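Structure, as structure tokens:
The values are calculated or read from the model by the stated rules, or taken from the named source; none is laboratory data. Since the structure is predicted, the reported quantities are computational estimates derived from the model, not experimental observations. Cβ sites come from the backbone with ideal geometry, for glycine too, and all protein chains shown count toward neighbours.
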């Protein structure tokens, strides 16, 4: 399956996809409003061609045809208030919100008298069934009455929330001491020491060291293997034998680095194309049999706000559903990488391993899904919430940082790799936090070091590092700053790893300011040289301290020494080889 | 109780001390500390945000310490990034970072010659105040021989 055969794609100036043609059979197109919110998403079962300025599909999409109303021009808070389904307007949806921008109600535009089979309506209540409350616990999903009496919808919930924001009703729900849900009335769940779901409904799950699920097993036999690409997306799925020649085999194709899944190929080379909405939820699948250029709709579904599926056509079974996450047939849970989400209760099974933000108190509830605004927000990794769809779910700075880190990871210089690796996997808490801002005059970044008991092994200690990268940093300069700070992080991590439970540590790894800055600036030299750029550091007077292209190794060392010896007022560090300044962890001076 | 002081040996001394302590609630004294090292915040515990209270049962004979056992250690472990939540097992492992240095410190104490006593010494370690970029000496309060309070400021080294 070659996506570029007989077709290609275009992006809007802001980077959002404009249109793409797949396999001489399908055209998909998206348009955005002046606030860069999606306004239409369409797909049609034939290839259309466009001029370079991306006007969008502009005609009826016979596979997918959604128009989004985000109240643009009349409301300022950006909540999605309606989605018109132009293929079948009885399936169009409207949404209402409470004063905290949490979803309060959702319904089809068609009432029972208009479309008894398509209509549905639900109300959502938080914390208390009758009075509501601010804690962000979804406690009731109830069917609407009046014009919607007689419509069918999800089974709904009615629960109470405990002081720990866990839900209970009689004896149905149970939690372990780490806060993971262990029972919900239909299944029981066990978790491993890293709070990964270990088993449920007779299926056990195996994870790799980065927390990615790599296998499913039943009664001791591996039934499914996930094969990941370097960017963390599942490229292939097979049975336990790894065969690519049977019905268990699937191969996936992604459009962009955020992992928008656009196609699946089976072992007979039949292709299935995904049509997704603004949340990345797979709404339609179009089948293109091997050798054919004709697309046929084989899956068509709507989703309730918290992810419940409402299927209309389902002749090609698929498991990637709500916001593109895999829904496990055995449990009905969605795998959000760091944790699992239960669409039927509209909340996560396990608490958020990261904290919320005090400025947005709704994020402080560690179980709520996407701050209970599921029509506008997604939670791509189960770790943090981000605005809008899969194309904009990371800030520009996050994306630029990750790109720079990936570039450093691919470097041939092992020290550069070490610096990039120190940041860890973005979906796993290794004690490192990256933020963007002003790290101080003349600096590209700053790192603070702290220490904690290792959450995964209480007999060990782990460095807690906060890295601030200068806002707006870009290009080789950003790569240099990311590796420079990563070098400090790696230095701290390596020393922290030597501390044993008696408090003894390898003091040779507790570096001085001179040593850690020398390590870090040598990386600035190598990164800038590799990128054929140079940059001046500090206020070194007539003979500036330049690092990068054209500067010899000996000259670079001399320039770094001159820079480090400068006073802080001139961008230096006040340290020399003979007076190296304080240790990385100045209070830890117990020799091993 | 006083009748039992007729007993001999170590037991006698212990019982005398208990008797003294009991009467101390009516105004009688504890044995006096005449020398000892300054208690500081154990460096690893301070850097790794371990705080808490350690109670040590001390037996003193003729002014010297003959036994110092940890009676209890209640510690709190904090993650400065506020992500990790620690359980009792983690606290139990971390508690040695406070209890071992406390025992080491109390063993440097010498009492007035001839003192005999059995008493509980309580070490209280706290981390409070503004973050500093280099470690400063803690505030040490002594209410000898029963209480030692060590209060340190949190610190966080910065690298540019």
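Looking at A:136, A:202, A:179, just one residue is under 25 Å from the mean Cα position of the chain (by Cα), modelled with pLDDT of 90 or more, on the phi > 0 side of the Ramachandran plot and more than 14 Å from every other protein chain (Cβ to nearest Cβ), and that residue is A:136. For residue A:344, the stated conditions hold: it is more than 25 Å from residue A:208 (Cα to Cα), crowded, with 18+ Cβ neighbours inside 10 Å and out of contact with any strand residue (DSSP E or B) (no Cβ under 6 Å at 6 or more places or on another chain).
Within segment B:127-141, which residues are part of a strand (DSSP E or B) and either within 14 Å of chain A (Cβ to nearest Cβ) or over 22 Å from residue B:95 (Cβ atoms) (or both)? B:127, B:132, B:139, listed by residue number.
Candidates are the residues of segment A:433-449 that are at the interface with another protein chain (Cβ under 9 Å from one of its Cβ atoms) and closer than 23 Å to residue A:461 by Cα; the one that is surrounded by the fewest Cβ atoms within 10 Å (Cβ to Cβ) is A:433. Residues in segment B:97-126 that are within 13 Å of another protein chain (Cβ to nearest Cβ) and surrounded by fewer than 20 Cβ atoms within 10 Å (Cβ to Cβ) were compared, and the one that is farthest from residue A:588 (Cα to Cα) is B:104. Within segment A:197-216, does at least one residue satisfy the condition of being outside any loop (DSSP other than H, G, I, E, B) and over 27 Å from residue A:351 (Cα atoms)? Among the residues of segment A:197-216, not one is outside any loop (DSSP other than H, G, I, E, B) and over 27 Å from residue A:351 (Cα atoms), which makes the answer no.
Kindly indicate whether any position in segment A:9-29 is on the phi > 0 side of the Ramachandran plot, modelled with pLDDT under 85 and under 23 Å from the mean Cα position of the chain (by Cα).
Looking through segment A:9-29, at least one residue is on the phi > 0 side of the Ramachandran plot, modelled with pLDDT under 85 and under 23 Å from the mean Cα position of the chain (by Cα).
When the strands (runs of 3 or more DSSP E) confined to segment A:427-480 are screened for residues that are touching a strand residue (DSSP E or B) at 6+ places or on another chain (Cβ under 8 Å), under 28 Å from residue B:84 (Cβ atoms) and at pLDDT 90 or above, those reaching at least 1 such residues are found at A:445-453, A:461-470. Counting the residues of segment A:311-341 that are surrounded by 14 or more Cβ atoms within 10 Å (Cβ to Cβ) and not in a loop (DSSP other than H, G, I, E, B) gives 11. Exactly one residue out of B:90, B:59, B:45, B:73 is surrounded by 14 or more Cβ atoms within 10 Å (Cβ to Cβ), assigned to a strand (DSSP E or B) and either within 14 Å of another protein chain (Cβ to nearest Cβ) or without any contact (Cβ under 8 Å) to a residue 40 or more places away in the chain (or both): that is B:73. Would you check which residues across segment A:429-451 are out of contact with any helix residue (DSSP H, G or I) (no Cβ under 9 Å at 6 or more places or on another chain) and under 27 Å from residue A:503 (Cβ atoms) and list them? Once the filter is applied, which keeps residues that are out of contact with any helix residue (DSSP H, G or I) (no Cβ under 9 Å at 6 or more places or on another chain) and under 27 Å from residue A:503 (Cβ atoms), segment A:429-451 yields A:429, A:433, A:448. Taking into account only those residues within segment A:459-477 that are touching a helix residue (DSSP H, G or I) at 6+ places or on another chain (Cβ under 8 Å) and surrounded by 24 or more Cβ atoms within 10 Å (Cβ to Cβ), which is nearest to residue A:529 (Cα to Cα)? Out of the qualifying residues, it is A:469.
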